[in-house]
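Worksheet for the structure shown next.
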Number of protein chains: 2
Amino acid sequence: MNRIITIGREFGSGGRELGRRLSERLGLAYYDQEIIEEIAEQTSLSKEYVKTIVEKRPVFSYPIHTARTLYPQTNPVMEQNLEIYSKQHQIIKDLAEESECVIVGRCADYILRDMEPFRIFVFADIESRMQRTREKSYGDDEVKGLSDKDLKRSIERIDRGRAKYYEFYTGQKWGARLNYDILVNTTGIHLEAVAEHVAALFGSCRDPYKEAKPQ
Amino acid sequence: MNRIITIGREFGSGGRELGRRLSERLGLAYYDQEIIEEIAEQTSLSKEYVKTIVEKRPVFSYPIHTARTLYPQTNPVMEQNLEIYSKQHQIIKDLAEESECVIVGRCADYILRDMEPFRIFVFADIESRMQRTREKSYGDDEVKGLSDKDLKRSIERIDRGRAKYYEFYTGQKWGARLNYDILVNTTGIHLEAVAEHVAALFGSCRDPYKEAKPQ
């Protein structure tokens, strides 16, 4: 059974960076929501296309620009329709079947539940998420121009959207602890250390040479 | 600043065993709720008594018998009174000031918040908690005689008690993720592996040689 890690995360908590670091440490491919959305837009579910992507093992350079997701996303539940979700759903399954990977967002923990992914949820207090967002958006005038109050509101609005999206498609509460193997508070913790030790824990729990657990 | 770990846990999830393993790995003293209750009963807050306990670095042998807490605890909020809580509160502070330690239960994460403990919450699905309770209570006729349905009810009743106790004394929701640094689902995971990697993560986050964070 493929080694798969899924990451759910509060906005600004460093979930994508953790995902990237885990993928590098463990030699897994890395897919985040933008990548999956892009595949969904560019393909009509062509397995060949997914395979091409997989073979390229997409890895993008740091820092990941957060501003891109801070603005356009207003209410995913209203914006998305079932057809696109179903397309994404299939793409996520294809990616996980074709490659060992880290997938960030997109209800992947739920979609891949039969494949027993190692499910991580990343969160942090609002102050550290605001700080991280400002650091990652350094030079972005739109973020720079936001007052703390408005930035906090934007972050909370995005997370309300994520919660609604997750609940709409999975019928589960976003961030409810039983849906994850481990939940990590990144407030005041170096993501490098988290990645190192979570990768080791993942290794202990998901030994690829161990027989898959009986279903 | 002393290295301190606090552990909140669902009944039957292995929180005490994890606490014991962490205390052994990291060379910290270990205190669980029974120990603290016993100190509270036997002392009228004598610092000397606490110091004696600390110097003995109490370590008890595996397996910890769970049946003891499965029965007597009915509704802690009704049973406890503020005086006992206040006594326990002071004892927990004294223990944490006198020694580097792991403290299981008793709202220690909240009581010691100014000392920046590393706060762990341990949970698992109900099936694995039932299984663990049966294994740990092996030979205990009372637990052996319980049907699965009754055992499940007992476990859920104890956790409702813990939640009420925590919420009554801290004003916080028991198990809410922002009150912890890490939350670990022990379903299908070896506690030994969890202890190893959580201890390493704790080491990275709470380097005793690092300056304490500014308040």
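List, in order, the whole-Hz ³J(HN,Hα) value for each residue of the stretch B:5-20 obtained from phi through the Karplus relation with A = 6.51, B = -1.76, C = 1.60 and θ = phi - 60°; use x for Gly and Pro.
Couplings: 10, 10, 10, x, 7, 6, 4, x, 8, x, x, 5, 4, 4, x, 4 Hz.
Could you sort the peptides B:169-180, B:2-13 by per-residue average Cβ neighbour count (10 Å cutoff), highest mean leading?
The peptides rank, most packed first, as B:2-13, B:169-180.
For residue B:174, enumerate residues with amide H under 5 Å from its amide H, sequence gap 5+ or separate chain, H modeled in the peptide plane.
B:167
In the structure displayed, which of A:93/A:173; A:164/B:152; A:173/B:173; A:144/A:173; A:93/B:152; A:87/A:149 lie more than 25 Å apart, Cα to Cα?
Check vs 25 Å cut-off fails for A:164/B:152; A:144/A:173; A:93/B:152; A:87/A:149.
For each of A:125, B:140, count neighbouring Cβ atoms within 10 Å of the residue's Cβ, then give the residues from fewest to most.
A:125, B:140
For the stretch B:173-194, list residues with backbone N below 17 Å from a point placed 7 Å from the Cα of residue B:1 toward its Cβ?
Taking a point 7 Å out along Cα→Cβ of residue B:1, the residues of the stretch B:173-194 whose backbone N falls under 17 Å are B:179-182.
Count, for each residue of B:113-123, the Cβ atoms from other chains sitting within 10 Å of its Cβ, then give me the mean as a whole number.
1
For the stretch A:93-101, in order, what is each residue's ³J(HN,Hα) by Karplus, 6.51 cos²θ - 1.76 cosθ + 1.60 with θ = phi - 60°, in whole Hz (x at glycine and Pro)?
With coefficients 6.51, -1.76 and 1.60, one gets 5, 4, 4, 6, 7, 7, 8, 7, 7 Hz.
So what's the net charge close to residue B:147: Lys and Arg +1, Asp and Glu -1, counting the other residues with Cβ under 13 Å from its Cβ?
Within the 13 Å Cβ shell, the charges total +2.
No lab work stands behind these numbers, since they all come straight from the coordinates. Just so it is clear, the model here is predicted, and its values are computed rather than measured. Backbone-built Cβ (ideal geometry, glycine too); neighbour counts: all protein chains shown.
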